[in-house]
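The values are calculated or read from the model by the stated rules, or taken from the named source; none is laboratory data. Because the structure is predicted, anything quoted here is derived from the model rather than measured. Cβ atoms come from the backbone with ideal geometry, glycine included; neighbour counts cover every protein chain shown. Each accessible area value is taken on the protein alone, full model and side chains, heavy atoms only, with ligands, DNA and RNA left out. Shrake-Rupley method; radii C 1.70, N 1.55, O 1.52, S 1.80 Å.
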Amino acid sequence: MMPIGPLMIEHRLIERMIDVMREELKLFEKEKKLNPEFLEMAVDFIRTYADRCHHGKEEDILFRELGEKKLTDEHRHTMEELVEDHRWGRKMTAKLVEANKRYVEGDGSAMPTAIDCMKSLIQFYPKHIEKEDKHFFIPCMDYFTEAEQQAILREEWVFDRNHIHEKYKNMVIAAEKEMISRAL
Ligand SMILES: [Fe+2]
Ligand SMILES: [Fe+2]
């Protein structure tokens, strides 16, 4: 398998979540209310899976290795654009988290903000994925030898294995902090 194989498989799951978000958004607009539990779940997916696990492998492994190669101007430009897209996605997700929190606290004005953030993310992900799948990933494989591709693939598996430990370690740390602050 090429190292872009796992990344492209992950794209398919991200698209499925975006499809669910698109349907949920219609419901929010029809019922004129948000579903904060749904948003918490969607945001956890975006942050943990789409950003940390998926963009993490792109930026920390694939793009890092591509950065060592003599890329064409076009490919270098696209790679910079993709990293900038990831940053934009993080900011938009943080804005959605904040709007959802305000909504739960009773601030009705947070609803249009949350809706706008959802719309932006729903538009953003398919475009970003298309840029990678159709215009970047495959031509970029030509920069690597077969052995380099296999080394990247192996590093991706290790990244995934560490990722699950990182997620749950952080969950325990947060729970411990919560317990200590309650005991004070
Ligand atoms: Fe990406
Ligand atoms: Fe991607």
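The figures follow:
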{"item": "Extension gain (nm, one decimal) between D44 and D133, 0.36 nm per residue minus Cα-Cα", "result": "29.7 nm"}
{"item": "T72 paired with E37, simple spin-label distance in nm, labels 7 Å along Cα-to-beta-carbon", "result": "5.1"}
{"item": "Stretchable slack from K95 to Q150, in nm (0.36 nm times residue separation minus alpha-carbon distance)", "result": "16.0 nm"}
{"item": "Loop trypsin sites (Lys or Arg not before Pro), segment 96-167 (other Cβ atoms within 10 Å of the site Cβ: 15 or fewer; DSSP)", "result": "none"}
{"item": "Over 31 Å between alpha carbons, listed pairs K57/K177; K30/K169; K26/K127; K131/K169", "result": "K30/K169; K131/K169"}
{"item": "Solvent-accessible area of T113 with every protein chain in place, 1.4 Å probe, in Å² to the nearest 10", "result": "40"}
{"item": "R0 of 35 Å, Cβ-Cβ distance K177-E80: FRET efficiency to nearest 0.05", "result": "0.40"}
{"item": "Contour minus Cα-Cα distance for R22 and R64 (0.36 nm per residue)", "result": "11.8 nm"}
{"item": "Structure-based [θ]222 nm, the chain - -39500 (n - 2.57) summed over DSSP H runs of at least 4, per residue, nearest 500", "result": "-26500 deg cm²/dmol"}
